[in-house]
1. At a 10 angstrom cut-off on C-beta neighbours, averaged per residue, how do the peptides 53-62, 259-268 rank from highest to lowest?
2. So which lysines pass the test for K5, namely a Cα distance under 30 Å, with those fewer than 8 places away in the same chain ruled out?
3. Among Q184, L171, M222, whose Cα lies farthest out toward the positive end of the dipole of the range 156-253, if unit charges sit on the beta carbon of Lys, Arg (+1) and Asp, Glu (-1)?
4. Counting Lys and Arg as +1 and Asp and Glu as -1, each charge on the Cβ, what is the dipole of the range 7-145 about the Cα centre in debye, to the nearest 20?
5. What is the sum of charges, Lys and Arg at +1 and Asp and Glu at -1, for the other residues whose Cβ falls under 14 Å from the Cβ of L237?
6. Search the structure for amide H atoms under 5 Å from the amide H of I109, placed 1.01 Å from N in the peptide plane, and list their residues when 5 or more places away or on another chain.
7. For the range 137-143, take each phi angle, set θ = phi - 60°, evaluate the Karplus expression 6.51 cos²θ - 1.76 cosθ + 1.60, and give the result in whole Hz per residue in order, putting x for glycine and proline.
8. Per DSSP H run of at least 4 residues, take -39500 (n - 2.57); add these up for the chain, divide by its residues and hand me the 222 nm value, nearest 500 deg cm²/dmol.
Amino acid sequence: MNPNKALWEKGDFTRIAASMRESGDALVASLGITKDLQVLDLGCGDGTTAIPSARRGANVLGVDIASNLVAAGNKRAQAEGLTNIKFQDGDATNLSELKDESFDLSMSIFGAMFAPRPHDVAKELVRVTRSGGRIVMGNWIPGDPTLVAQILKISSAYTPPPPEGFVSPMLWGVESNVVERFGQAGVDKDRISFSRETYTFTFDASPVTLVSLFRDYYGPTMNAFEAASKNGKAEDLQRELEELFVSQNQSADKNKTHIPATYLKVMVSV
């Protein structure tokens, strides 16, 4: 199996995505999505940004490498009675099933950044977006002190070194890399802009409970705990993550979670 597919099908990201719905809707609201806009959500998961786009009247295609998340997205859309959205399996590095210039807006929020060949991702995003259209990405930032970058940093300390040739997904959070990747896909740097934005994880239980969800359902953290267990260090990893989540929780109620995380918002005019 494709290792990236195996990683994201390993757990059940819908359990984590439940804490991301509120910010997902707010992000979509900032994009000016209108009725009948043709929208691609690449690496869409179960629809955290795809479904709010469809609620606003856009015609939405959600593409994800994890079949379980595609099924969950279609189930959510059906439950809401949304007929203007469809989820399907696909690889962000090769969207051969999609025609050139099919979308007015192609977005990927914490999705395509995890695909293994970033230049292919940029090339495909540009190819399927119509001239005059937009690409929007949300990417976590390497070394950032907020939640997700720190989760991945802590987890990586407990896992074996990546294979030779591995390109860190976090490099999508470096502006010069983004410019270079889209540049190779034919986009001038003056058509690319950036801002640093906040995405908030909101969860109706304690931060420690949210750590448990990451441990049980989030592929990268699951792998870290498996490796840590083999070395007798699972308790150390658990303690580090609990300290991180508790220290970053901004809720006045210790039994609720409200943790902001900084990300790089990438906007490309095609």
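Since every read-out is calculated from the coordinates, none of them should be taken as a lab result. Small disclaimer: the values here were computed from a predicted structure and weren't measured. Positions of Cβ are backbone-derived with ideal geometry, glycine not excepted, and every protein chain shown enters the neighbour counts.
1. 53-62, 259-268
2. Within reach: K75, K86, K99, K123, K153, K230, K233, K265.
3. Going by the Cα projections, it comes out as Q184.
4. I would put it at about 220 debye.
5. Within the 14 Å Cβ shell, the charges total -2.
6. L42, G138
7. 10, x, 10, 5, 10, x, x
8. About -12000 deg cm²/dmol.
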